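Step one of this worksheet: look at the structure below.
The values are calculated or read from the model by the stated rules, or taken from the named source; none is laboratory data. Note that the structure is a prediction, hence the values are computed from the model and not measured. Positions of Cβ are generated from backbone atoms using ideal geometry, with glycine treated the same way; all protein chains shown enter the neighbour counts. Surface accessibility is based on the protein's heavy atoms, side chains included, excluding ligands, DNA and RNA. Shrake-Rupley method; radii C 1.70, N 1.55, O 1.52, S 1.80 Å.
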Amino acid sequence: MSAVKELLANIKELKPFSQVASQILTVSEDPDRSMNDIAEIIVYDPSITSTLIKRCNSAYYSLPRQVESVQEAITYIGLDEVVSLVLIDQCSGNFVKKQDGYGLYEGELWKHSVFSAIVAKKLAKIKKAENINLIFTAAMIKDIGKIILDRFVSDRYKKINYLINEKKYSFMEAEKKIIGVNHAELGALIAKMWNFSSKMIFIIGNHHMSDEKAKTDLDTAIVYMGDIICNTMGIGCGVDGMSCRFHNDVMEFLDITPDDFQIVIAESYQEMEKVEALIKAV
Ligand SMILES: [Fe+2]
């Protein structure tokens, strides 16, 4: 069996994408639906409701009174924060395990995914992007291809390393050369199998800017920048984080001021601490 065929056969080992997250994205992408429609989806899921209420009543928020319903949770912490927490929970399942091929300990890929999603969301707000939940989710799951590719990278690490160190390949170019597919292409294939929108498939497949068109696509450029900031800060960047291509033209296209960068990074750190505290609380 060729490596690519074997990889595709392994896709079914992934936990399927959450139905609730999928519904949230469908509503988010429909201009005729509102945030209240997203709240409706959350209200009718008992497991999400109970987790949400427990988190609101945790020491982290120290609210003045017990929260007893989703509506109260939304009143106290805001719908935007509720949706982000639900999407993080719903998208986390595949990302917690260690990834030996990419040099990531248990939990590191999850941390990278969540932090880059938080950064991407903040950049999306600054750039007034239309679909913030799509950008947030794309940033969270963009490296799904790594989960499947990990063992193949691990088995061929010497060859990949040779191309990076001696031939100046990026990590992703080396993945493609040695295995026949890179983690972004594989991620796009998984996204297709999970029936994601064409926009989501494009963002995942181009989160390292493989296609020139991605460089001037606002949503994809934001997800790319979230990843770059996360790597620059050394958050779950693994062995490939420092062997990525940096695209200055994307930086110019996004035109984020140095002040905004500083604010985004500082606020994202705070938000990451909050997410970790809340996840530990339940
Ligand atoms: Fe990636």
Given 15/159; 97/158; 15/146; 12/121, the pairs whose alpha carbons are separated by over 18 Å: 15/159; 97/158; 12/121
Net charge of neighbours whose Cβ lies under 9 Å from the Cβ of residue 236, counting Lys and Arg as +1 and Asp and Glu as -1: 0
Förster radius 22 Å - calculated FRET efficiency between residue 54 and residue 269, Cβ distance, rounded to 0.05: 0.35
Solvent exposure of segment 12-88 as accessible area per residue, Å², 1.4 Å probe: 55
Gain in span if fully extended, residue 128 to residue 5, counting 0.36 nm per residue against the direct Cα distance: 40.2 nm
Principal semi-axes in Å for the chain [√(5λ), Cα gyration tensor, largest first]: 32, 21, 18
Stokes-Einstein diffusion coefficient of segment 68-224, Kirkwood radius over Cα pairs, 37 °C, 0.692 mPa s, in µm²/s: 198
D (Stokes-Einstein, µm²/s), Kirkwood Cα radius, segment 78-149, 1.306 mPa s at 10 °C: 126
Residue 192 versus residue 276: modelled label distance in nm, points set 7 Å from Cα along the beta carbon direction: 3.8
Gain upon complete extension [residue 35, residue 66; 0.36 nm per residue less C-alpha separation]: 8.7 nm
Per-pair calculated FRET efficiency, R0 = 25 Å: residue 161 and residue 13 via Cβ, rounded to 0.05: 0.45
Cα Rg over Rh - segment 177-282, Kirkwood: 1.00
